[in-house]
Amino acid sequence: MKTYNKVMLASVLGGLLVLNGCSSQVTKPEKYSGFLGDYSQLKPVTTPSGKTVMRWIDPSFNKSHYTSLFYQPLTYFPTPKPTDQISQDTLNGVLDYANTRLKTAMQRRLPLTNTPVPGSLIFKGAITGVSTSTQGIQFYEVIPVALVIAGTQTATGHRTKNTELFFEGELIDAATGKAVVKVVRMGEGKSVPNSSQQVTVNDLKSVIDNMAVDVTQFNEAAQ
């Protein structure tokens, strides 16, 4: 009986850890950047890539009503400042890679147009950031942009640092100027062993790749 109780306890604790892990993957309201303006209608949903994001879709939205998409290149919001661990080259590279992957993915859904016209959607998005720390974890570096390095204490006294990317984006009806889709998401890239290890574009490519997958497989009916 004691063994059974131990197994049950382990299962419950394991389940709690899984739930905690899932909740940590959703951008908390205090980390919203202000890029989207109104976040009140966002709700958590699971994407085709298996990620949990905050999303809102206008109930009247119908993709078949649109014949083209105007891609407005991603920006940083606010403008980032490089650090000893995250160079300007890395910041530039992340933005370039994200624009390439997302633009290609969106082009698979709708033909791109050089000018927003009635019947087209406008994409606006930004890599955003936070400047707060998680309770019990002290940031080695805090930067007001998308790449936030959080640490967990290891037995050696060093901290393994997780790379994270925060994104906010929306689709706007070109005719009305109103948003029809809003998304806020975060993703964890590769870990780096300590604060001396440079963060590279490769460390965050998987986050961007998942975003591109979700754009390609997005189903507006699954709200």
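With each label modelled as a point 7 angstrom along the Cα→C-beta vector, the Ser60-Thr75 pair spans 2.9 nm. Taking other Cβ atoms within 10 Å as a rough exposure proxy, Thr163, Thr79 sort from fewest to most as Thr79, Thr163.
Exposure proxy check: Phe61, Phe167 ranked by fewest other beta carbons within 10 Å? It would help to have the intermediate numbers written out before the result.
Values: Phe61 18, Phe167 24.
So the residues, fewest neighbours to most, are Phe61, Phe167.
Would you calculate the separation in nanometres between label points at Arg108 and Lys178, each defined as 7 Å from the Cα along the Cα-to-beta-carbon direction? Between Arg108 and Lys178, the label points sit 3.1 nm apart.
Values in this text are rule-based calculations from the coordinates and carry no lab data. Quick caveat: nothing in here was measured; it's all calculated off a predicted structure. Neighbour counts run over all protein chains shown; Cβ positions are idealised from the backbone, glycine included.
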